[in-house]
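Student: Sharing a structure with you now.
The values are calculated or read from the model by the stated rules, or taken from the named source; none is laboratory data. The shown structure was predicted, so the numbers you read here are calculated from the model rather than taken from an experiment. Please note: Cβ atoms are built from the backbone with ideal geometry, for glycine as well, and neighbour counts cover all protein chains shown. For the accessible areas, the whole protein counts, side chains as well, though only heavy atoms, and no ligand, DNA or RNA atoms are used. Shrake-Rupley method; radii C 1.70, N 1.55, O 1.52, S 1.80 Å.
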Amino acid sequence: MSTIAANLQAVEATIQAACEAANRPRSTVQLLAVSKTFPAEAVLEAIEAGQRAFGENYVQEGVDKIAAVAKARPGLMLEWHFIGPIQSNKTRPIATSFQWVHTVERLKIAQRLSEQRPAELGPLDICLQVNISGEATKSGVKPEDLEGLAKAVVQLPNLRLRGLMAIPEPQADPALQRAPFARLRALAQDLIKAGIHLDTLSMGMSGDLQSAVLEGATIVRIGSAIFGARHYE
């Protein structure tokens, strides 16, 4: 068994245990394997182990990797999620290459994604990124501005607003980890009460996925626990 396959098994066991602790079916949490900075060969190893959903942070790297994997495994149905910061001049390749985008924080970006989404691909699934911890260095819409952005995004014809995403300030204490996830869940519930249909909470990474699942995560974004430590040039 490859290291990636073994790591996927270990992550799966962690998610299963978290679901049991939260009294949730395992089927309610999707594992998104974050393959940024890793080559297409690593993605292909994960595919061999059964993984089908992958997250990328960098536009050109992601687009090239999607093409390389498609060439190696033609016809295989995979789900590619863009989970990195979005520059307005990079929206077209995101709109044409990915099925999901987790990091929409401005109406301008949402409008460009909608305009540039090819009609034959169907609506692009969208999460709004919320700056849940109020960090100056973090991307995301402020919680107080979220409802206005959500109401504008749901009007865009080629997008489908699915939910919210957040990257909280890192915490070692599980109780402190859970608090921002609980806030994100509450914000989603407020939007649902306002008449906006949502079904997705993209929250939780390698260091805090158990806390995220306990607070209702439906997508957990796991990278290093699957692919190993990243080496940035």
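Student: Limited to the range 106-128, what total is found for residues that are open to solvent by 10 Å² or more (accessible area, probe 1.4 Å), within 17 Å of residue 196 (Cβ to Cβ) and touching a helix residue (DSSP H, G or I) at 6+ places or on another chain (Cβ under 8 Å)?
Tutor: Filtering the range 106-128 for residues open to solvent by 10 Å² or more (accessible area, probe 1.4 Å) gives 106-108, 111-112, 115-123, 125.
Those still in the list that are within 17 Å of residue 196 (Cβ to Cβ) too: 107, 123, 125.
Right, trim to touching a helix residue (DSSP H, G or I) at 6+ places or on another chain (Cβ under 8 Å) and you get 107.
Qualifying residue count, the range 106-128: 1.
Student: Could you grab me the full set of residues in the range 29-71 that are among the aliphatic types (A, V, I, L, M) and out of contact with any helix residue (DSSP H, G or I) (no Cβ under 8 Å at 6 or more places or on another chain)?
Tutor: Step one: of the range 29-71, the residues among the aliphatic types (A, V, I, L, M) are 29, 31-34, 40, 42-44, 46-47, 49, 53, 59, 63, 66-70.
Of everything in the range 29-71, those that are among the aliphatic types (A, V, I, L, M) and out of contact with any helix residue (DSSP H, G or I) (no Cβ under 8 Å at 6 or more places or on another chain) turn out to be 32, 53, 67, 70.
Student: Only one of these is within 22 Å of residue 164 (Cβ to Cβ), under 16 Å from the mean Cα position of the chain (by Cα) and in contact (Cβ under 8 Å) with a residue 12 or more places away in the chain: 103, 91. Name it. If you could, list the steps in order and put the result at the bottom.
Tutor: Values: 91 fails: under 16 Å from the mean Cα position of the chain (by Cα).
Being within 22 Å of residue 164 (Cβ to Cβ), under 16 Å from the mean Cα position of the chain (by Cα) and in contact (Cβ under 8 Å) with a residue 12 or more places away in the chain holds for just one of 103, 91, which is 103.
Student: Sticking with this structure for a sec: Here's a check for you: in the range 131-147, which residue that is modelled with pLDDT of 90 or more and open to solvent by 60 Å² or more (accessible area, probe 1.4 Å) is farthest from residue 169 (Cα to Cα)?
Tutor: Step one: list which residues in the range 131-147 are modelled with pLDDT of 90 or more, which gives 131-132, 140-147.
Of the ones still in play, those that are also open to solvent by 60 Å² or more (accessible area, probe 1.4 Å) are 142, 144-145, 147.
Working: 142: 15, 144: 19, 145: 20, 147: 22 Å.
Out of the qualifying residues, it is 147.
Student: Show the residue pairs that are 6+ apart or on different chains and have beta-carbon atoms under 9 Å apart, the first residue being within the range 1-18 and part of a loop (DSSP other than H, G, I, E, B), the second being open to solvent by 60 Å² or more (accessible area, probe 1.4 Å) and at pLDDT 95 or above.
Tutor: Once the first residue is part of a loop (DSSP other than H, G, I, E, B) and sits in the range 1-18, its partners that are open to solvent by 60 Å² or more (accessible area, probe 1.4 Å) and at pLDDT 95 or above give 1/9; 2/45; 2/48.
Student: Mind counting the residues in the range 201-225 that are under 21 Å from residue 126 (Cα atoms), buried (at least 23 other Cβ atoms within 10 Å of the Cβ) and among the hydroxyl-bearing types (Ser, Thr, Tyr)?
Tutor: The qualifying residues number 1.
Student: Of all residues in the range 19-40 being among the hydroxyl-bearing types (Ser, Thr, Tyr) and either outside any loop (DSSP other than H, G, I, E, B) or on the phi < 0 side of the Ramachandran plot (or both), which is surrounded by the fewest Cβ atoms within 10 Å (Cβ to Cβ)? Steps first, please.
Tutor: Start the filter on the range 19-40 by keeping residues that are among the hydroxyl-bearing types (Ser, Thr, Tyr), which leaves 27-28, 35, 37.
Retained after the next criterion (residues that are either outside any loop (DSSP other than H, G, I, E, B) or on the phi < 0 side of the Ramachandran plot (or both)): 27-28, 35.
Values: 27: 7, 28: 12, 35: 24.
In this case the residue turns out to be 27.
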